[in-house]
1. With LEU101, LEU82 as the choices, which residue is surrounded by fewer than 24 Cβ atoms within 10 Å (Cβ to Cβ) and either among the aliphatic types (A, V, I, L, M) or part of a strand (DSSP E or B) (or both)?
2. Looking at SER279, SER298, SER257 in this structure, which one is of a type in the set (Ser, Thr, Tyr) and under 16 Å from the mean Cα position of the chain (by Cα)?
3. Which number in (1) closer than 10 Å to ALA208 by Cβ; (2) over 22 Å from the mean Cα position of the chain (by Cα) marks the one condition that LEU237 misses?
4. When segment 227-262 is examined, which residues are found to be basic (Lys, Arg), surrounded by 21 or more Cβ atoms within 10 Å (Cβ to Cβ) and out of contact with any strand residue (DSSP E or B) (no Cβ under 6 Å at 6 or more places or on another chain)?
5. Within segment 89-128, can you find the residues that are within 27 Å of LEU305 (Cα to Cα) and out of contact with any strand residue (DSSP E or B) (no Cβ under 9 Å at 6 or more places or on another chain)?
6. Is it the case that segment 119-138 has a residue that's aliphatic (A, V, I, L, M) and under 21 Å from GLY241 (Cα atoms)?
7. Among the residues of segment 172-207 satisfying the criterion of being surrounded by fewer than 23 Cβ atoms within 10 Å (Cβ to Cβ) and of a type in the set (Gly, Ala, Ser), which is nearest to LEU305 (Cα to Cα)?
Amino acid sequence: MCDKKLGSQTFALACPPSIAGWGSVVGKKEGDGPLGSQFDMVSQDSYFGETTWEKAESSMQRLALSHALEKAEQPAGALDALFGGDLNNQCIATSYAARSLNVPFFGLYGACSTMAESLGLAALLLDGGFGSFAGAVASSHFCTAERQYRMPLEYGGQRTPTAQWTATASGAVILARNGPGPYITHVTVGKIVDRGIKDANNMGAAMAPAAYDTLKTHFADTGRSSEFYDLIVTGDLGRLGKALLEELFREDGMELSNYNDCGLMLYDLEHQDVHCGGSGCGCSASVLTGVLLDGLKSGQYQNILFCATGALHSPTALGQGESVPGICHAVAISNTR
């Protein structure tokens, strides 16, 4: 039997699946940012034609999946499994988006790490020979997240300087067991890392240690350095979390090369009021499917390490005095197998 495990947490795929299609859908604020022209769809209506924000988020997922399936030239029925999630209680945006597709479905909750989690699990499924096509999707919506995690929008509460802006966005990817690149070659599964941060408005500080742990593990397991990758991208640490991650590596005597964060890429921090940057499942999902995969296809990049980070807390846990656990999953994507 082929041993696909490298080191402590990394899986090297023996038959790396191809990324056959991808789709991205965002809201007006995201469309006004520096990446706006590169998304498949930008809606000027935060309701996406629906009657509630939660229904709007489901609509975003259906639209992103539709774009991805069209590019993959496959019907939804071709999917052997769909992996996906969002920030809402019980992942309702994803389950209601999937109910009309009539495909095998795995609902996931990894907070803002959900896109990497779903992508990694879909890749492992196909590498194991358990199907020919699999989908991965994630989303977030500023208004649904504010209603659930903080205050109703009508309250008009002040945001702290360390706060991040939940992206109204969705991204979807269709993987094929066979096909041309780009390919998913490695998956490093993160561990929960909790450094005792209790400030729900400082997600960057809560998640940066988890990103550090996963990246260090990935480099140790694979024998690669940061220089191997044309781009290492986290999502979503924001301005503060990115600086903390870089400082953690400097303490090890290492500069993190070719590194950026999706929360900083999605918005213009100087001209858009997003404080420390973007966050939410849809932030890294839309940057991956709107920009990074196109960069691989065009040859701008040859190797990318996509590291989505999540803060695994809830208002209930924080109300009980709990801290904010962090998680980070890393997915290596390459133009060659």
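Nothing in this text is a laboratory measurement; each read-out follows from the coordinates by a stated rule. This is a predicted model, so every value here is computed, not measured. Because the Cβ atoms are built from the backbone with ideal geometry, glycine has one as well, and the counts that use them run over all protein chains shown.
1. LEU101
2. Values: SER298 fails: under 16 Å from the mean Cα position of the chain (by Cα); SER257 fails: under 16 Å from the mean Cα position of the chain (by Cα).
Of the residues listed, the single one that is of a type in the set (Ser, Thr, Tyr) and under 16 Å from the mean Cα position of the chain (by Cα) is SER279.
3. Checking LEU237 against (1) closer than 10 Å to ALA208 by Cβ; (2) over 22 Å from the mean Cα position of the chain (by Cα), the one that fails is (2).
4. Residues of segment 227-262 that are basic (Lys, Arg), as a first pass: 239, 242, 250.
Checking the rest, the ones that are also surrounded by 21 or more Cβ atoms within 10 Å (Cβ to Cβ) come to 242.
None - no residue of segment 227-262 is basic (Lys, Arg), surrounded by 21 or more Cβ atoms within 10 Å (Cβ to Cβ) and out of contact with any strand residue (DSSP E or B) (no Cβ under 6 Å at 6 or more places or on another chain), so the list stays empty.
5. If the condition is that a residue be within 27 Å of LEU305 (Cα to Cα) and out of contact with any strand residue (DSSP E or B) (no Cβ under 9 Å at 6 or more places or on another chain), then GLY128 is the only one that fits.
6. Our first condition is that a residue be aliphatic (A, V, I, L, M); within segment 119-138, this holds for 119, 121-126, 134, 136-138.
If we keep only those that are under 21 Å from GLY241 (Cα atoms) as well, we get none.
Among the residues of segment 119-138, not one is aliphatic (A, V, I, L, M) and under 21 Å from GLY241 (Cα atoms), which makes the answer no.
7. In this case the residue turns out to be GLY181.
Every residue, every condition in (1) assigned to a helix (DSSP H, G or I); (2) touching a helix residue (DSSP H, G or I) at 6+ places or on another chain (Cβ under 9 Å); (3) crowded, with 20+ Cβ neighbours inside 10 Å; (4) at positive phi, yes or no:
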position	(1), (2), (3), (4)
LEU264	yes, yes, yes, no
GLN272	no, yes, no, no
CYS283	yes, yes, yes, no
SER286	yes, yes, yes, no
THR289	yes, yes, yes, no
LEU296	yes, no, yes, no
LEU305	no, yes, yes, no
ALA308	no, yes, yes, no
